[in-house]
Amino acid sequence: MTLRSILLGSLVAILVNLGAIYSGYVVRSSWSDFGHLPLVTLLLFLLLFFFNILVKSLAPKFALRPSELLVVLVMGWIGAVMQGEWLTGYFLAIITAPHYFASPENAWGEYLLRDIPDWLVLSNKGHAAEYFYEGLPPGEKIPWGAWVAPLFWWFAFLAVLIFASLCIAVILRKQWVEKERLIFPLAEVPLMLVKRSKRSLLPDLFRSRFFQVGFITSLFVICWNLLNWFSPMIPKVPLIATYTSFPQLIIARGFPAIHAKLDVFVIGFAFLTRMDVLFSIWFFHLLSILQSGVFNRVGYSIGSADPWCSFDAATGWQSFGGFLLLVLWGLWTARSHLKDVLKKAFTGKGDVDDKDELLSYRTAVFGLIFSVFYMVFWLHQAGMALKAVFVFLFVTFILYIGLSKIIAESGLVYLRGPLTAQAFTWHALGATALAGPSAAILGLSFAFFCDAKGFVMPSLVHIAKVSGNIKQRKRQISVIVGLAVLMGFVAATWYVIYEGYNFGAYNFGATSFNSSNISIWNQVVSRTRNPFGPDWRRISFLGIGAAITAGLIYLRYLFVWWPLHPVGFTVSSVYPVRDAALGIFIIWLIKLVILRIGGIRLYKKVTPLFIGLLFGYIIGVGLGFLVDVVWFNGQGHPIHGF
């Protein structure tokens, strides 16, 4: 780790935020901040890699070493978590909405504003909230003073939540990386770039004919389709689905549509995933569509799905039951390792070595304990009842751990949980137990739920994997992770606030600022006005899902040949899988043919083709952004999203 790598990493941590926000909110081009490895991070890393090859050819002594490149990757990866529609969009949209959108018609003043602490939301004193959504009048200045208190207290919470996530990532890294040997497809792709070649400045990957064909193909398709922006007479090549355009297949009346979307950003990572996981994802997704359709046809329903949960309530709660059991089972199978970690933390002894971890096990264990106590205290002081706090935080960390492990196994770059922690808390405890401040703070918690993505933990788990290839003291990496988080948060928050006052956050064209934030608070008010008790029908489907997953786990232990992986069941009904299912099926079919014809040898030979498709797509999206900036600024074309 060198000073120049840290400076470059800091720059990338800032640029991934500014670039993604500028692209999505201002230019209206691609949303490059959705994935667990954001496209904007890979784009900047690729550009730096190509520039480094040029430097290596002209002045080798100034070129970055592989470990330095990985430092830049780590900082850009974790820094990107703060960007637009990942954290900052929802965070700022939630805390600014109450005072701006409150009206006599929606009754927010009567049922909401009285229960929200002033230190957690932006007030409208001096028109602070109004000008943020509508833009500053001529001659007015940004009221930064109104932002100090909410930003300070929220960052105090978010920093501790991030630290708790890092502690868990450290505690589980050895179990997942060394004992269970998870594949980590998202980490493997950038690691392929930094592998040294003894014969060329380029890595062996780039010299593969398969890679070159894949790279040129996806880049050519995007470049050809760019011409259509200038002249609609030029036909598009309908091979790559865009963010907003893809066909839907209807099985029968009442059945959810199958999204016929082929996303290169999904299939590039999916090709590295195990066959049983790929098969289970598309197979159980198809079953969830059939189950939902049958329920619709016979008229059975347990109610509507909550925001940012699975597309169907019954299959969503069923999937989360499996998700919950899978996480708890994973922790049970890791009990020997966890016992060693606790022994090391409390006594300094034990058979487990922590010298290759980002934190010592003592720091990780006691840091996690402190973090949980702090978050309980913070949420309770804000107004949430302790019973609700414990349920909410328990489910939150179940989601974080489960998503992190499933992404490491599946390479699902857009994965979300089948339920949000808020939805579980509402229906498990009932709205009657959440009246008043508890309901308001549960609504405010959407400020850091990040579209149910798992916040930073999936990124931290992958960074812990990547750090094994950085041949320096691992403790230093945790410091640069903290630096990147801070710089990313400051850059993203400042830029969104600046652009909001510049031309109005309501005009960003992002649902987080003009509809999602409103629907969240409307839901809180609606459930406060019309409370209900625990929903036992939903909880019963939770139990059904847990039982099915238990059976799948048992059958995998009983039969070596058993083809169904429980991971597929736990994510079968989440909406990113709905968009990815066709691509997953096609990749599974291609891999099946390849393995049947040529085995592992042919599979390894063909792998560069799909990495080439991925890299060509990334460069193509970058070119599309540049074209939008120059010719279509403010009316861009969102090639990439999910």
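Taking trypsin sites (Lys or Arg not before Pro) across region 466-531, the ones in a DSSP loop with at most 16 further Cβ atoms lying within 10 angstrom of their Cβ are Lys471, Arg473.
Going from the residue with the fewest nearby Cβ atoms within 10 Å to the one with the most, His637, His565 rank His637, His565.
Listing Leu47, Leu15 from fewest to most neighbouring C-beta atoms within 10 Å gives Leu47, Leu15. Within the chain, the longest run free of GluC sites (Glu not before Pro) that sit in a DSSP loop with at most 14 other Cβ atoms within 10 Å is 141-642. Using 0.36 nm per residue and subtracting the Cα-Cα separation, the extra length available between Leu555 and Ser301 on full extension is 88.4 nm. Pairs exceeding 21 Å between alpha-carbon atoms, taken from Lys179/Lys355; Lys471/Lys604; Lys61/Lys198: Lys471/Lys604.
Each label point was placed 7 Å from the Cα along the Cα-to-Cβ direction; for Thr333 and Leu202 their separation is 4.1 nm. Taking 7 Å steps out from each Cα toward its Cβ at Trp119 and Ser540 produces label points 4.6 nm apart. Using R0 = 51 Å, the C-beta based FRET efficiency linking Thr347 and Leu287 works out to 0.60.
Each label point was placed 7 Å from the Cα along the Cα-to-Cβ direction; for Phe390 and Ala435 their separation is 2.2 nm.
Of all lysines in the structure, the ones whose alpha carbon falls short of 25 Å from that of Lys236, not counting any fewer than 8 places away in one chain, are Lys261.
One equal scatterer on each Cα of region 3-631, no solvent, Debye formula: the resulting log10 I(q)/I(0) at q = 0.07, 0.09, 0.11 Å⁻¹ is -0.44, -0.75, -1.16.
Taking the average, over residues, of other Cβ atoms within 10 Å as the packing measure, peptides 482-492, 345-355, 542-552 rank 482-492, 542-552, 345-355 from highest down.
Once Lys and Arg get +1 and Asp and Glu get -1 on their Cβ, which of Leu69, Ile597, Leu15 lies farthest toward the positive end of the dipole of the chain? The listed residue farthest towards the positive side: Ile597. Straight-distance candidates among the aspartates and glutamates for linking to Lys343, with alpha-carbon spacing under 14 Å and chain neighbours fewer than 8 residues away dropped: Asp351, Asp353, Asp354.
Applying the criteria of a DSSP loop state and at most 13 other Cβ atoms within 10 Å to the trypsin sites (Lys or Arg not before Pro) of region 218-288 yields Arg253.
With a Förster radius of 45 Å applied to the beta-carbon distance between Lys195 and Asn502, the computed FRET efficiency rounds to 0.55.
A short reminder: the numbers here are calculations on the coordinates, not readings from a lab. Bear in mind the structure is a predicted one, so any value in this text is a computation, not a measurement. All Cβ positions, glycine included, derive from the backbone under ideal geometry; neighbour counts span all protein chains shown.
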